[in-house]
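Below: one structure, written as structure tokens.
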Amino acid sequence: MRRGLLVLLSLSVCCGQKAKSEDYIPAPYFDEDENLSVKDCANETSLNHWAVSVRSISSTSGYDIPCPGIAISQKTVLLRERLPFLKSSVRDLRVFFGHCWQSDEEECIKNSIKVKKVIDVGMNSTAQFVHYTVLRTEEMPTQVTPLCLFNRDNAIDLKRNSPYFEWKLWLRGGYADRTQKNVTSQSECLTNQTENQLEILKEQHIPTKNILCLKDHDEGSSNILVNLYKGRYFLRGTKFGTGNLYIDILPYIYEIASNAEDISALHSIPQSIPRKRFQSPDDKLSFPNCGIKRRTRRTKRDLDDDSPVPLIVNGSDAEEKRHPWHAFIYIENSDSTSSQCGGTLISPRAVLTAAHCINGTEATDIEVTVGMYNKINRTSGDQNRTPSRLLVHPDYNSNLHYDIGLMIFDEPFKITDKVHPICLWNNGSNLDHIAGRFAVAVGFGFIADYSLPDDLQEAQLPIKSHKDCYLTSDRKFYGKYLWPGDNFCAGYLNGTSTCNGDSGGSLSLKRLGRWYIRGIVSFGYPKIASIEGNPTKVCHPQYYSLFTDVASYINWIVDNTPDISFKKTQ
């Protein structure tokens, strides 16, 4: 598979509040208005309409005892933990409604719906402990009203403006103890736990901030904690054991939403990384005289089709010397095929790129060219190098998070009017400060007809706020793959964007007469196109592209880049 033919993933955004303490968990962001996980979720007139049961109908499974569950959307059921019967075949699992568990078996099965997928949530890789299980299902009947997922932060727990209730998950439907329950502080709660309970929490690797406590509680391990707020019921937590401890749902809401069939949520926005001073004559610049380009006459061309994966669709030919920091990366793959990516010169011995471009590749299989504007008509100003080292961010994963890498060269590139480093963005990582501004993306990736151009392409793309990206595009997709503090969106919904082959290239902004790299082309929303008669996953130009946020990785970049360093603090 070619590098750069990657799929644009989702984003999330949230309230943007600053953490008040290490135990603070911000509110999830589902939607505008009431910020509900599902439209018209549980209210006081739909009491218990979310209670369902799940079981296997296979006579050989050995797990035909119903398990109580919670409908959190019309196509999603949440279970409070992994249960043994889930090891049976998914095709044998059914969701039942009402009192069906004690009714005629044939009629029960007839009125049940199928489970399509079982997903564990909150699993600890060491203890293999699952806090929640998500079941994707067929469409539920209209009489089912989903229970709302909690939509505020955990700072409200010690307030008394919205009551809590313990709900018993009985198979005949939920039962609410209408006596209001009081949530205590975590410090008070944990002080009153037995050594055995605390040891269990430690063994299961459950952080204390993920725990809720009730002062007065009902015995039983199948209880859930429900909050009543402005006439709606919200799931707040599930019972841990038989005491007064509850597992808080807040730390798992994004994982639950991303795995649900029809729920989406934006990830929370981290605190901004402050600006640091560089060890340079001008301590605001990462490298002396960086970010300066030769003035040229600008030509315009209409943009036209779709885009989001790694390429410039519907851009225009870049004039020579307009992007002296752009690097063309040619890769000989182990299967005797070749692929391409982009990169950005940030010092004479370092090119910044996307991790997915170089991950699993040997440095000797890569040729990097800077100063090139046409792949056919090469000039004496072009410079070629093979990197001596490849550095991939240690947390890079298959979901394209931490999608950032560096290529280091023993022989430095010569600085000329055609080859010049760009400046690293070092003006804080708060995206709101630049949302709405136009940035420039460049690359040799696919153009509108999904062919590779000979000329370097460029396009101006507007940077989108995290909230705008999530609300105005595919919420399910961007809710899953957009991670503020890791990546951000830019582009149009009209067919102008980056695409396959543009991966690793820069998204740059002009500031005070200099150009700074703020984003790295990472991935895009996918679609299938026919290329040379073969169905191929390519960028969908009518969705926003995702870019790795350079500002969030400034410390990692500087720590690993020759010729760039921060001033030492006194």
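The values are calculated or read from the model by the stated rules, or taken from the named source; none is laboratory data. Fair warning: this is a prediction, and the values are worked out from it, not measured in the lab. Cβ sites come from the backbone with ideal geometry, for glycine too, and all protein chains shown count toward neighbours.
Taking (1) over 32 Å from the mean Cα position of the chain (by Cα); (2) surrounded by 16 or more Cβ atoms within 10 Å (Cβ to Cβ); (3) of a type outside the set (Lys, Arg) in turn, Pro421 satisfies each apart from (1). Gly479: crowded, with 22+ Cβ neighbours inside 10 Å, farther than 16 Å from Asn430 by Cα and either touching a helix residue (DSSP H, G or I) at 6+ places or on another chain (Cβ under 7 Å) or of a type in the set (Gly, Ala, Ser) (or both), yes or no? So Gly479 fits the description; yes.
For every residue, the table says whether it meets (1) farther than 30 Å from Thr76 by Cα; (2) touching a helix residue (DSSP H, G or I) at 6+ places or on another chain (Cβ under 9 Å); (3) among the acidic types (Asp, Glu); (4) in a loop (DSSP other than H, G, I, E, B).
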site: Cys469; (1), (2), (3), (4): no, yes, no, no
site: Tyr492; (1), (2), (3), (4): yes, no, no, yes
site: Ser508; (1), (2), (3), (4): yes, no, no, no
site: Ser522; (1), (2), (3), (4): yes, yes, no, no
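Exactly one residue out of Ile376, Ile358 is at pLDDT 80 or above, of a type in the set (A, V, I, L, M, F, W, C) and surrounded by fewer than 18 Cβ atoms within 10 Å (Cβ to Cβ): that is Ile376. Are any of the residues in the range 475-487 assigned to a strand (DSSP E or B), aliphatic (A, V, I, L, M) and touching a Ser or Thr at 6+ places or on another chain (Cβ under 6 Å)? No, the range 475-487 contains no residue that is assigned to a strand (DSSP E or B), aliphatic (A, V, I, L, M) and touching a Ser or Thr at 6+ places or on another chain (Cβ under 6 Å).
Conditions (1) at pLDDT below 90; (2) in contact with a strand residue (DSSP E or B) (Cβ under 9 Å, 6 or more places away or on another chain); (3) surrounded by fewer than 14 Cβ atoms within 10 Å (Cβ to Cβ), marked per residue:
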position	(1), (2), (3)
Leu250	no, yes, no
Glu255	no, yes, no
Asn259	no, yes, no
Gln271	yes, no, yes
Phe287	no, yes, no
Ser307	yes, yes, no
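Quick one: is Ser429 in contact with a helix residue (DSSP H, G or I) (Cβ under 6 Å, 6 or more places away or on another chain) and either in the same structural domain as Pro348 (by TED's automatic domain parsing) or of a type in the set (Gly, Ala, Ser) (or both)?
It is true that Ser429 is in contact with a helix residue (DSSP H, G or I) (Cβ under 6 Å, 6 or more places away or on another chain) and either in the same structural domain as Pro348 (by TED's automatic domain parsing) or of a type in the set (Gly, Ala, Ser) (or both).
Yes/no matrix, rows are residues, columns are (1) over 19 Å from Ile447 (Cβ atoms); (2) charged (D, E, K, R); (3) at pLDDT below 90:
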position	(1), (2), (3)
Gly504	no, no, no
Lys510	yes, yes, no
Val521	no, no, no
Ile531	no, no, yes
Cys539	no, no, yes
Ala551	yes, no, no
Asp559	yes, yes, no
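Could you tell me whether any residue of the range 453-463 is among the β-branched types (Val, Ile, Thr), at pLDDT below 90 and not in a helix (DSSP H, G or I)? No: zero hits. Does any residue of the range 381-393 turn out to be under 18 Å from Phe328 (Cα atoms), touching a residue at least 40 places away in the same chain (Cβ under 8 Å) and buried (at least 17 other Cβ atoms within 10 Å of the Cβ)? Yes, because at least one residue in the range 381-393 is under 18 Å from Phe328 (Cα atoms), touching a residue at least 40 places away in the same chain (Cβ under 8 Å) and buried (at least 17 other Cβ atoms within 10 Å of the Cβ). What number of residues within the range 434-481 satisfy the criterion of being more than 30 Å from Glu532 (Cα to Cα) and free of Cβ contacts under 8 Å to residues at least 24 places away in the same chain? Number of matching residues: 1.
Applying the criterion of being at pLDDT below 95 and in contact with a Phe, Trp or Tyr (Cβ under 8 Å, 6 or more places away or on another chain) to the residues of the range 397-419, the residue that is farthest from Tyr553 (Cα to Cα) is Asn399. For Pro141, the criteria (1) surrounded by 19 or more Cβ atoms within 10 Å (Cβ to Cβ); (2) at pLDDT 90 or above; (3) within 32 Å of the chain's Cα centre (by Cα) hold in every case but one, which is (1).
Note on the range 27-54: residues that are modelled with pLDDT of 85 or more and either touching a Gly at 6+ places or on another chain (Cβ under 8 Å) or assigned to a strand (DSSP E or B) (or both) total 7.
Answer with yes or no whether Ser388 is among the hydroxyl-bearing types (Ser, Thr, Tyr) and modelled with pLDDT under 95. Spelling it out, it is not the case that Ser388 is among the hydroxyl-bearing types (Ser, Thr, Tyr) and modelled with pLDDT under 95.
Could you check the range 208-294 for strands (runs of 3 or more DSSP E) lying wholly inside it with 2 or more residues that are over 29 Å from the mean Cα position of the chain (by Cα)?
By residue number, 211-214, 223-229.
Condition test on Asp449, is it within 23 Å of Lys321 (Cα to Cα) and either more than 24 Å from the chain's Cα centre (by Cα) or surrounded by fewer than 14 Cβ atoms within 10 Å (Cβ to Cβ) (or both)? Here the answer is no, as Asp449 does not meet what is asked.
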